[in-house]
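The structure appears right after this line, and notes come after that.
Each value in this text was obtained by applying a stated rule to the coordinates, not by laboratory testing. Owing to the predicted nature of the structure, the values given are computational and were not obtained by experimental measurement. For neighbour counting, all protein chains shown are included, and Cβ atoms are generated from backbone atoms with ideal geometry for every residue, glycine included.
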Amino acid sequence: MPLNSGELKRKLVHVGVGAFALLLRYLTWPEAAAMAAGAFLFNWLVLPRLGGRALWREHDHGAGYPIGILIYPLSVLVLVLVLREDRWMVAAVWGLLAVGDGMASIVGQAVGGPRLPWNARKGWAGFTAFVVFGGLAAALLSVWTLEMPPSAAASPWILVVVVPVTVLCSRSSSATRPWRGGRAWVWPSTWPSRPWPTP
């Protein structure tokens, strides 16, 4: 898919909404869940009336609703409900969801280049952008939520969590699965993180 102005705008909004993950530092998990549920209702009922249809893809107009824009806050809601008190993990995966996935699309469609061996529709440029930008966002959001200095993002216990989860999510995001819908990779990212101790 070429990176036209509509798709670029959609992806920039996708990345920008990740800034709400900064609020996880101050919210309890029920408040975070309410925020995600409210975002779903906003995207469903309000956003289309405020010009949000400009962010819809062609198949969204055919379906009558934007599946990706609706699944986004639901994915965050699931993360909050699964991880609850481990909000730094929620913030990390939200960073991957927003920045990693968004930048993978922007860079991948803008740069092009060699295709992935497991999915010819995706390229190494997008895969690499996911790992670099998503990993950086995940690390920084983790330490922000834990009220630690930014330099802690390079600490071993952060890297041992963020690096493998980022690569796993990037690999899952680029898989050829018709049911993926761009968001199902959130699930594998939550499974391995749960046994790791909270710092």
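So how much slack lies between residue 49 and residue 175, counting 0.36 nm per residue of separation and subtracting their Cα-Cα distance, in nm?
The residue 49-residue 175 span can extend by a further 42.0 nm.
Could you tell me what a quarter of the Cα convex hull surface of the stretch 5-190 works out to, in nm² with one decimal place?
On the way: hull surface 41.8 nm².
Computed as one quarter of the Cα hull surface, the answer is 10.5 nm².
What longest range of the chain stays clear of loop-exposed chymotrypsin sites (Phe, Trp or Tyr not before Pro) (DSSP non-H/G/I/E/B, at most 15 other C-beta within 10 angstrom)?
27-117
Give the distance, in whole Å, between the Cα centre of the stretch 74-100 and the Cα centre of the stretch 7-34.
The distance from the Cα centre of the stretch 74-100 to that of the stretch 7-34 comes to 9 Å.
Name the longest site-free stretch of the chain, where the excluded sites are GluC sites (Glu not before Pro) in a DSSP loop with no more than 15 other beta-carbon atoms within 10 Å.
With a cap of 15 other Cβ atoms within 10 Å, the longest stretch comes to 1-84.
What percentage of all Cα-Cα pairs in the stretch 9-93 are separated by more than 18 Å?
On the way: 1521 of 3570 pairs.
The share of Cα pairs beyond 18 Å in the stretch 9-93 comes to 43 percent.
What ³J(HN,Hα) values, in whole Hz, does the Karplus curve 6.51 cos²θ - 1.76 cosθ + 1.60 give for the stretch 46-53 when θ = phi - 60°, with x put for Gly and Pro?
Using θ = phi - 60°, the values come out as 9, 3, x, 8, 10, x, x, 5 Hz.
Once you put a point 7 Å from the Cα of residue 9 and another 7 Å from the Cα of residue 59, both along the Cβ direction, what distance in nm separates them?
A separation of 2.2 nm, rounded to one decimal place.
Assuming 0.36 nm per residue, please report the length gained on full extension of the stretch residue 34 to residue 81 beyond their Cα-Cα distance.
Details: separation 47, 0.36 × 47 = 16.92 nm, distance 1.05 nm.
Length gained, residue 34 through residue 81: 15.9 nm.
Let me have the 222 nm mean residue ellipticity of the chain computed from DSSP H runs of 4+ only, each contributing -39500 (n - 2.57), with the sum over all residues rounded to the nearest 500.
Computed mean residue ellipticity for the chain: -16500 deg cm²/dmol.
What residues have an amide H closer than 5 Å to that of residue 116, excluding those fewer than 5 places away on the same chain, when H is modeled at 1.01 Å from N in the peptide plane?
For residue 116, the qualifying residues are 122, 123, 124.
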